[in-house]
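Trainee: The structure is given below, and queries will be raised subsequently.
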Amino acid sequence: FARALVRLYNGNGFSLVATAYDSEDVVHKKYEDATSILEEVRASGATVHFGVDAGDLVSSLKLAKKRRKNGGMLDRDDQFDRIVFNFPHVGLGIKDQDVNLRKNQELLQKFFASATELVRVGGEIHMALKKGMPYSQWNTVGNAHRCSGGKLVQRTEHIFDCTAFPGYAHRRTLGFKEGMSKGENEEVVGQSRTYVFERTP
């Protein structure tokens with residue numbers, strides 16, 4: 001997605017911060033096209049961070065010390081205009097649907113609480129999810145509002161249109177696996193929505 005944004009803005013990625021939960025070594029092992037994608041993103045001037053926990057963004061992005069020095073607040077320079085988390089999933093690889101549901105809800109809850117600290121007032125948080133079960137059980141809108149202390153307000157939702165992002169290629173948490181993964185964004189085309197939340201005071 002970061003590469004698609006770079007292309008969308010004609011190669012200018014100076015205001016973009018791209019993150020991954022995995023280490024860089026693991027990313028290269030999971031995704032065979034990682035090298036070329038990373039080269040393009042970095043060449044644009046974008047910043048790339050690995051080992052980032054979406055449920056603890058402040059610490060993962062090494063901003064916790066700054067926050068402590070500033071009385072629990074982050075400087076405006078450390079806040080974002082927009083935070084995007086497309087197709088979050090814990091990727092446990094287990095069949096117990098109750099456990100999967102709970103763990104994915106926990107991921108969303110921690111993310112919304114953490115991201116609320118990092119997005120400026122008036123900024124936005126975007127989250128793309130597939131439609132239908134089990135995603136409809138994740139209570140995305142309710143968790144965003146509750147876990148942000150009421151500071152995240154849903155403004156709209158719309159179809160996630162892959163064609164709006166040049167070269168976007170959906171990837172599963174486990175990487176591309178023959179017989180499981182599908183090409184050409186088949187897993188998300190026409191069956192995914194983006195939720196847009198505004199950060200209020």
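The values are calculated or read from the model by the stated rules, or taken from the named source; none is laboratory data. It should be emphasised that the depicted structure is a prediction, and the values quoted were computed from it without experimental measurement. Here the Cβ is made from the backbone with ideal geometry for all residues, glycine too, and neighbour counts use every protein chain on show. For the accessible areas, the whole protein counts, side chains as well, though only heavy atoms, and no ligand, DNA or RNA atoms are used. Shrake-Rupley method; radii C 1.70, N 1.55, O 1.52, S 1.80 Å.
Trainee: Can you name the residue in segment 1-25 that is under 24 Å from residue 89 (Cβ atoms) and of a type in the set (D, E, K, R) and, of all such residues, is most open to solvent (accessible area, probe 1.4 Å)?
Mentor: 25
Trainee: A further question follows. Do you know which residues across segment 103-119 are among the hydrophobic types (A, V, I, L, M, F, W, C) and in a helix (DSSP H, G or I)?
Mentor: In the first step, residues of segment 103-119 are kept if they are among the hydrophobic types (A, V, I, L, M, F, W, C); the result is 107-108, 111-113, 115, 118-119.
Answer for segment 103-119, where residues must be among the hydrophobic types (A, V, I, L, M, F, W, C) and in a helix (DSSP H, G or I): 107, 108, 111, 112, 113, 115, 118.
Trainee: Here's something else I'd like to know. Within segment 26-38, can one find any residue that is closer than 23 Å to residue 138 by Cβ, in a helix (DSSP H, G or I) and of a type outside the set (D, E, K, R)? Explain how you work it out, then say what you get.
Mentor: Step one: of segment 26-38, the residues closer than 23 Å to residue 138 by Cβ are none.
No, segment 26-38 has no match at all.
Trainee: Here is a list of conditions, (1) modelled with pLDDT of 95 or more; (2) part of a loop (DSSP other than H, G, I, E, B), and residue 88 meets all of them except one; can you say which number that is?
Mentor: Against the list (1) modelled with pLDDT of 95 or more; (2) part of a loop (DSSP other than H, G, I, E, B), residue 88 comes up short only on (1).
Trainee: List every residue pair whose Cβ atoms lie under 6 Å apart, where the two residues are 6 or more positions apart in sequence or sit on different chains, the first residue falls within segment 100-114 and is open to solvent by less than 40 Å² (accessible area, probe 1.4 Å), and the second residue, located anywhere, is small (Gly, Ala, Ser).
Mentor: Final answer for the pair search is 111/54; 111/55; 112/144; 112/148; 114/55.
Trainee: Return yes or no: is residue 32 exposed (fewer than 14 other Cβ atoms within 10 Å of the Cβ) and either β-branched (Val, Ile, Thr) or closer than 24 Å to residue 162 by Cα (or both)? Quick ask: steps written out before the conclusion?
Mentor: Details: exposed (fewer than 14 other Cβ atoms within 10 Å of the Cβ): yes; either β-branched (Val, Ile, Thr) or closer than 24 Å to residue 162 by Cα (or both): yes.
For residue 32, the condition - exposed (fewer than 14 other Cβ atoms within 10 Å of the Cβ) and either β-branched (Val, Ile, Thr) or closer than 24 Å to residue 162 by Cα (or both) - is met.
Trainee: In segment 61-79, what residues are closer than 17 Å to residue 51 by Cβ and modelled with pLDDT of 75 or more?
Mentor: 61, 62, 63
Trainee: Given the residues 132, 142, which is the only one that is over 27 Å from residue 23 (Cα atoms), small (Gly, Ala, Ser) and free of Cβ contacts under 8 Å to residues at least 40 places away in the same chain?
Mentor: 142
Trainee: If you don't mind, another one. Looking at (1) polar (S, T, N, Q); (2) over 17 Å from the mean Cα position of the chain (by Cα); (3) part of a strand (DSSP E or B), find the lone condition where residue 100 falls short.
Mentor: (3)
Trainee: Go through segment 120-146 and give me each residue that's assigned to a helix (DSSP H, G or I) and open to solvent by less than 30 Å² (accessible area, probe 1.4 Å).
Mentor: 138, 140, 142, 143, 144
Trainee: Does residue 90 fit the bill of being touching a residue at least 24 places away in the same chain (Cβ under 8 Å), of a type in the set (Val, Ile, Thr), farther than 23 Å from residue 1 by Cβ and open to solvent by 30 Å² or more (accessible area, probe 1.4 Å)?
Mentor: For residue 90, the condition - touching a residue at least 24 places away in the same chain (Cβ under 8 Å), of a type in the set (Val, Ile, Thr), farther than 23 Å from residue 1 by Cβ and open to solvent by 30 Å² or more (accessible area, probe 1.4 Å) - is not met.
Trainee: Filter segment 7-25 down to the residues that are under 24 Å from residue 105 (Cα atoms), in a loop (DSSP other than H, G, I, E, B) and of a type in the set (Gly, Ala, Ser) and list them by number.
Mentor: Across segment 7-25, the qualifying residues are 20, 23.
Trainee: For residue 169, state whether it is at pLDDT 90 or above, assigned to a loop (DSSP other than H, G, I, E, B) and of a type in the set (A, V, I, L, M).
Mentor: In short, no.
Trainee: Would you confirm, using the coordinates I've provided, whether residue 165 is within 19 Å of residue 107 (Cβ to Cβ) and in contact (Cβ under 8 Å) with a residue 40 or more places away in the chain?
Mentor: Answer is no for this residue.
Trainee: Shifting gears a bit: Output the residue which, of all residues in segment 39-52 that are modelled with pLDDT under 95 and not in a loop (DSSP other than H, G, I, E, B), is surrounded by the most Cβ atoms within 10 Å (Cβ to Cβ).
Mentor: 48
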